[in-house]
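Only one structure is covered here, and it is reproduced in the block below.
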Amino acid sequence: MTGDGGRDAEALRALAEAGREAIRRLWARRDDREHLADAERRLLAILEEHREYRPFWEGADPDSDENPFLHVHLHEVVEAQLARGEPPEAGAALARLTARGLDRHEAIHRILQALVEHAGEAFRTGKADPAAWAARLRRL
């Protein structure tokens, strides 16, 4: 960030809009799955899991107090970690949470919550700490 709050906010808004448009373009291509990359198919599955957000995928703008686009992007971060098996603690956390009776989607939400807390700490301290992320996952 530049330290110029106005330009920073404008850059963040532009980035958010680009993300929304990318999701909307993917949603529009949902009937053409065989031509989608693996990551696109994984993200499309996440979009389909969140039926309550379908109006947003189709062009509606969310209220300022909700961000379904960020929500599904965070889902994708967790799903990508699970697909890669990196960090291995993510898969182990998912297994523990589902073994305790949570359905997979709710277990992913628990991991998402931990991810948001971890990211907040990284932003506050100015450094990413993979070991801290792994430890946070082990505590789930």
For this session: Within segment 61-76, count every residue that is in a helix (DSSP H, G or I) and either over 23 Å from L12 (Cα atoms) or not aliphatic (A, V, I, L, M) (or both).
Result: 6
For this session: Restrict the check to segment 82-91 and report whether at least one residue is farther than 30 Å from R30 by Cα and either at pLDDT 95 or above or in a helix (DSSP H, G or I) (or both).
Result: yes
Exercise. Mind checking whether some residue in segment 126-135 is surrounded by 14 or more Cβ atoms within 10 Å (Cβ to Cβ), within 16 Å of the chain's Cα centre (by Cα), without any contact (Cβ under 8 Å) to a residue 60 or more places away in the chain and farther than 27 Å from R24 by Cα?
Worked result: yes
Exercise. Among (1) within 13 Å of the chain's Cα centre (by Cα); (2) under 23 Å from R13 (Cα atoms); (3) acidic (D, E), where does E79 come up short?
Worked result: (2)
Exercise. For A90, are the conditions met, namely being in contact with a Leu (Cβ under 7 Å, 6 or more places away or on another chain) and aliphatic (A, V, I, L, M)?
Worked result: yes
Exercise. What number of residues within segment 29-60 satisfy the criterion of being surrounded by 10 or more Cβ atoms within 10 Å (Cβ to Cβ) and assigned to a helix (DSSP H, G or I)?
Worked result: 17
For this session: Filter segment 83-115 for residues that are more than 25 Å from D38 (Cβ to Cβ) and loosely packed, with under 14 Cβ neighbours inside 10 Å and give the result.
Result: A99, R100, G101, Q113
Exercise. Pairs under 7 Å by beta carbon, first residue assigned to a helix (DSSP H, G or I) in segment 11-28, partner not hydrophobic (A, V, I, L, M, F, W, C), six or more apart or different chains?
Worked result: G19/H73; R24/G59; L26/E40; W27/E58
Seminar exercise, completed: Among the residues of segment 94-140, the number that are in a helix (DSSP H, G or I), within 24 Å of F69 (Cα to Cα) and not aromatic (F, W, Y) is 22
For this session: Would you point out which residue out of P87, P68 is within 26 Å of A132 (Cβ to Cβ) and in contact (Cβ under 8 Å) with a residue 12 or more places away in the chain?
Result: P87
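The values are calculated or read from the model by the stated rules, or taken from the named source; none is laboratory data. These figures come from a predicted structure and were not determined experimentally. Using ideal geometry, Cβ is built from the backbone for each residue, glycine included, and neighbour counts are taken over all protein chains shown.
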